[in-house]
Amino acid sequence: MHPLDGAYQRVSRARDHLEDLKPQVNALRQAAHHRVSLNRKPGIFTLPDGRKVRAVRGSVSAFIVPAPLGVSVLIGEVAQHLRIALDYLVYELACFDAKRSVDRTQFPVADSEERFKDLLARYNLRDTLTPEHITAIERLQPFCGCHWIARLGELSNPDKHRHLTAVISPIAVTLSPGSTEAILAGKHVDVQNDIAVKITFGDGTPVIESLEQFESQVSQLLRDFHPEFERR
């Protein structure tokens, strides 16, 4: 049994919840698609070949819908399992380096070097992790440019997650390429079928793609540290 087996299991659970989440997010996307309204603006527009035509250009605006409870819960569970996998990682590293059981550990996430040092002490890592492992964990901090870990932490924080449920799924509506002219030179185009709807978090990042990226990054992180437990 490898020390990181528990962390790998958490990632596996996150992956399972993510698969359960996908059809629900897709259903939300389809429901939102029917709520799209098209704004039509008449004017004179220049075609790619240089001709000017009188036309009506269609445009749509983004709007926000609350995420259903089931969607919000699954998002939280995916984020929580991935965040806990990081906690398992740093716990196993501390125990391995200290050659004993270490209590009160947690993966630090800091936006400054000073805060990072404070968290090392608070989470009982400063005197248990080797300098090499402290340096490796430091490279994964937001203040060192690793912003995805901070974002994952925000989604896994229960208070912040409850706050996000009201705005967690804005619907970003955009016209597909080539369909910007709703009515061009008398030719009607079925713009409604050309509208692409995306479900995103409040910062505009897509829900499924973001969670898949988090899962991939945590998995890669565990693989990177895996050999560390075989060095001594």
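Just to be sure I understand, how many residues within segment 95-144 are more than 25 Å from Phe214 (Cα to Cα), part of a helix (DSSP H, G or I) and among the hydrophobic types (A, V, I, L, M, F, W, C)?
Within segment 95-144, residues that are more than 25 Å from Phe214 (Cα to Cα), part of a helix (DSSP H, G or I) and among the hydrophobic types (A, V, I, L, M, F, W, C) number 4.
So, in segment 141-162, exactly how many residues are at pLDDT 95 or above and crowded, with 18+ Cβ neighbours inside 10 Å?
Residues that pass the stated criteria total 2.
Scan Ala67, Ala85 and give me the residue that is among the small types (Gly, Ala, Ser), touching a helix residue (DSSP H, G or I) at 6+ places or on another chain (Cβ under 9 Å), modelled with pLDDT of 75 or more and closer than 22 Å to Phe214 by Cβ.
Ala85 is the lone residue from the list that is among the small types (Gly, Ala, Ser), touching a helix residue (DSSP H, G or I) at 6+ places or on another chain (Cβ under 9 Å), modelled with pLDDT of 75 or more and closer than 22 Å to Phe214 by Cβ.
Could you list, in sequence order, the residues of segment 15-33 that are under 19 Å from Ala85 (Cα atoms) and in contact (Cβ under 8 Å) with a residue 60 or more places away in the chain?
Arg15, His17, Leu18
The values are calculated or read from the model by the stated rules, or taken from the named source; none is laboratory data. This is a predicted model, so every value here is computed, not measured. When we count neighbours, we look across all protein chains shown, and the Cβ atoms used for this are built from the backbone with ideal geometry, even at glycine.
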